[in-house]
Amino acid sequence: MTTCTGVVVTYSPDEHGYADAHERATRGALARRLAGLKGYAFAGEYSASAGYGAPLYFVPGDTVPAEQARALGIASEHDLFGGVAAHAFIATKAITHPLVDADARAPAGWSHAFAQRVQDAVLYGFSAFTLADARCAGRRVLERGAVRIKPVRETGGRGQIVAADIEDLNAALEKMDPAEVGDGGLVLEENLADVITLSIGQVRVAGLLATYHGTQRLTTSNSGATVYGGSDLTIVRGNFETLLGLDIADDVRVAIAHASLYDHAAMECFPGLFASRRNYDVVGGRDAAGRWRTGVLEQSWRIGGASGAEIAALEAFQADPTLASVRASTFEIYGPCDAPPPEAIICFRGTDERIGALTKYARLGR
């Protein structure tokens, strides 16, 4: 390979390299844009046997385990679009809540300090790593109303169960695999009604820092399921404080403050954690007593559904150093549809072997 300033590669941390066609295509399309931002070459999927002849910048499909990161030469947020964590559970929603009591099982690397730091920025709930602890936690949450039971490795709300009483709780937990709970954990938190979900995030690439707030759209998949349909973001050049300087609604301001607190606490409480792409889902809704509650649900320190919009904004900021903010959106459209607009960043347009016809793109403005 010709010597160059640097090389961007995609990477699969799970070592299996498997992903749906649209996920592989999306990661490759966005990695090409990141290569353009950095002035690097793009070399496709990482190969340990390749002689790249230049520093590598990784675009992994998931948060990278610390041991793999060290082997790959990933030493800081400047080496990847995503994040690195010392333990697998740190990259999941399991860190969001405390353990139910002092005797509850905790995995190696657990931070009690983090749960204390973020308690005012999350909903009421607990994380459990045994079914016994989960039953205890569920009973505690039921004292306030219905409990939402959330497998930590599922995304998009898949696999979640709402239990209204002890019988529902016991029935749900009886279906859980004790080994899976022990390995990854289980979240049990208060259930909300009239829910809205905001996306708050931050990205650092090529000397640029951008921070955003926005909302997600839902759509109907080819199988008739309700799924993620895209994001609409307002993105500023700068940090969370810059974002809070915008003229924004009070509920958005609270969500940004909660995400910022969660972000800072995570980076300080989990040794070895770093990320160039940080996204937080923040929910608002009414609890069983009718009170409005707002809290961070989970984090994403990896490439995600909003990343096309994030990268489009970074490109705009790089092209115009005077530009302070932009709006950008991503779109995921199932089935036949019109061609995306000419200025769109097309991530995938075709037929995925598992989910059928799909068009994915991002664009500035909405």
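A Förster radius of 41 Å, combined with the Cβ-Cβ distance separating ALA324 from ARG140, puts the computed FRET efficiency at roughly 0.35.
For the chain, count all C-alpha to C-alpha pairs, find those more than 34 Å apart, and express that count as a whole percent of the total.
Here the long-distance tail beyond 34 Å is 27 percent of all Cα pairs in the chain.
Dimensions of region 168-327 along the principal axes, based on C-alpha atoms and rounded to the nearest Å, stand at 58, 37, 36, largest first. Taking every protein chain into account, the 1.4 Å probe leaves MET176 with about 40 Å² of accessible area, to the nearest ten. The share of accessible area on region 325-366 that comes from carbon and sulfur is 52 percent, using a 1.4 angstrom probe.
How much accessible surface does ARG286 have with a 1.4 Å probe, in Å² rounded to 10? Its heavy atoms expose roughly 100 Å² to the probe. Taken as Cα centroids, region 22-73 and region 110-126 sit 33 Å apart, rounded to the nearest whole angstrom.
Quick check: the angle from helix 250-269's long axis to the longest principal axis of the chain, C-alpha only, nearest 10 degrees? So the helix axis and the longest Cα principal axis differ by about 90 degrees. Accessible surface of HIS78, taken over heavy atoms with a 1.4 Å probe and every protein chain present, rounds to 130 Å². Length gained on full extension, ALA289 to GLU343: 14.7 nm, using 0.36 nm per residue less the C-alpha separation. Surface listing: TYR280, TYR52 arranged by accessible area from highest to lowest gives TYR52, TYR280, probe 1.4 Å.
These residues, ASP247, ASP14, go from largest to smallest accessible area, 1.4 Å probe, as ASP247, ASP14.
With both labels modelled 7 Å from their Cα along Cα-to-Cβ, the LEU218 to VAL195 distance reads 0.9 nm. Split the accessible area of region 14-143 by element, probe 1.4 Å, and carbon with sulfur accounts for 48%.
Kirkwood radius, region 106-220, all distinct C-alpha pairs, inverse of mean reciprocal distance: 16.1 Å.
Taking the 0 to 90 degree range and rounding to the nearest ten, how far is the long axis of helix 131-142 tilted relative to the main principal axis of the chain, both from C-alpha atoms? Once rounded, the angle reads 80 degrees.
Inter-label distance, ARG32 to ALA102: 5.9 nm, where each label sits 7 Å from its Cα along the C-beta direction.
Legend: residues ARG24, ARG293, sorted from most to least accessible area (1.4 Å probe; ligands, DNA and RNA excluded), read ARG24, ARG293.
The values are calculated or read from the model by the stated rules, or taken from the named source; none is laboratory data. All figures in this text were calculated on a predicted structure; none of them were measured in a lab. We place every Cβ from the backbone using ideal geometry, glycine too, and count neighbours over all the protein chains shown. Note: areas computed on protein heavy atoms with side chains; ligands, DNA, RNA excluded. Shrake-Rupley method; radii C 1.70, N 1.55, O 1.52, S 1.80 Å.
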